[in-house]
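*Asks:* Mind looking over this structure? Questions follow.
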Amino acid sequence: MSRLGGLSTAATRSLGTPQWDAVLRGTGIVSLLAIYPAMQWPEVGALAAYLCITIFVNGPLAPLLPAAYEPIQIIMGRVYSPLLVALIGVGGTCYIEFINYYLYRWAISAPRLERVRNSRLVRVTVAVFRTSPFLSVFLCALTPLPYWAVRFLGPLTGYHIGRYMLATLLGRLPRYYLIARFGRLLPVSSRFPGPHHARSARSPLTFTTPGADGSRRSVASTASGLLRASITVGSRRDSSWRH
């Protein structure tokens, strides 16, 4: 009973900031659910790691990682179906963006930011956003326009969370599919080292023929390494905020 009580306490204890708490719990659940399928089908391990990375790079570290996600999608698109890569990516993105919406709303409603909210620049930007909020979110999700802008404008204007998420989904799905599809079309030199060379050289990335077992194992290793790096960076940032 004491062990169960300790496990319950650990499972419900807050882990850093609310956003990091949601990120860590979400990726933890994904990892636990993927253990048995990954033992039966190794490809599931790489896809689960990709989902966890999607949550991380769209979470607290998103403003610091403006172009970190696309190369991962290109790598995954070379090995797996671009549609599957896009659907998993959208699932992880919608999960964390739903959380981002409420956390950004809480942050920007702080009394000390009242002067910023009432500034001329913010008032003009809000007025422009309100003329077509759905289209604004959709275009920022689909195109290279900075999505972080609507992360602030959506909650700031009180735009409905359901329409906000729908616009995000409709914009991100074709974007992710095209990026993953580009991975299939991207030519790779036949002189590029294979999996055995990559392992001996400790290289984190390996490109081989799409669908090959070696390539999928390499992608799984790459995804795991990127996830560990993301956790390390996030932990350091959270520790620095506490101090």
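The values are calculated or read from the model by the stated rules, or taken from the named source; none is laboratory data. Worth saying up front: this structure is predicted, and the values here are computed from it rather than measured. Note that each Cβ is placed from the backbone with ideal geometry, even for glycine, and that neighbours are counted across all protein chains shown.
*Asks:* Could you check the stretch 1-55 and list, in sequence order, the residues that are closer than 23 Å to residue 103 by Cβ, part of a helix (DSSP H, G or I), of a type outside the set (A, V, I, L, M, F, W, C) and modelled with pLDDT under 80?
*Replies:* Answer for the stretch 1-55, where residues must be closer than 23 Å to residue 103 by Cβ, part of a helix (DSSP H, G or I), of a type outside the set (A, V, I, L, M, F, W, C) and modelled with pLDDT under 80: 12, 18, 19, 21, 25, 26, 27, 28, 31.
Table: residues versus (1) under 29 Å from residue 149 (Cα atoms); (2) modelled with pLDDT of 85 or more.
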{"site": "59", "(1), (2)": "yes, no"}
{"site": "65", "(1), (2)": "yes, no"}
{"site": "73", "(1), (2)": "yes, yes"}
{"site": "79", "(1), (2)": "no, yes"}
{"site": "96", "(1), (2)": "yes, yes"}
{"site": "101", "(1), (2)": "yes, yes"}
{"site": "108", "(1), (2)": "yes, yes"}
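*Asks:* Only helices (runs of 4 or more DSSP H) wholly contained in the stretch 116-167 count here; list those with 2 or more residues that are small (Gly, Ala, Ser) and closer than 24 Å to residue 59 by Cβ. So that I can check it myself, show each step before the final result.
*Replies:* Numbers: elements: 120-131, 133-142, 148-157.
Those helices (runs of 4 or more DSSP H) span 133-142, 148-157.
*Asks:* Residue 67 fails exactly one of the following numbered conditions: (1) part of a loop (DSSP other than H, G, I, E, B); (2) within 20 Å of residue 167 (Cα to Cα). What is the number of that condition?
*Replies:* Residue 67 satisfies all of (1) part of a loop (DSSP other than H, G, I, E, B); (2) within 20 Å of residue 167 (Cα to Cα) except (2).
*Asks:* Among the candidates 149, 127, single out the residue that is out of contact with any strand residue (DSSP E or B) (no Cβ under 9 Å at 6 or more places or on another chain) and within 22 Å of residue 65 (Cβ to Cβ). Even if it seems obvious, please write down each step before you answer.
*Replies:* Details: 127 fails: within 22 Å of residue 65 (Cβ to Cβ).
None of the other options fit; the residue is 149.
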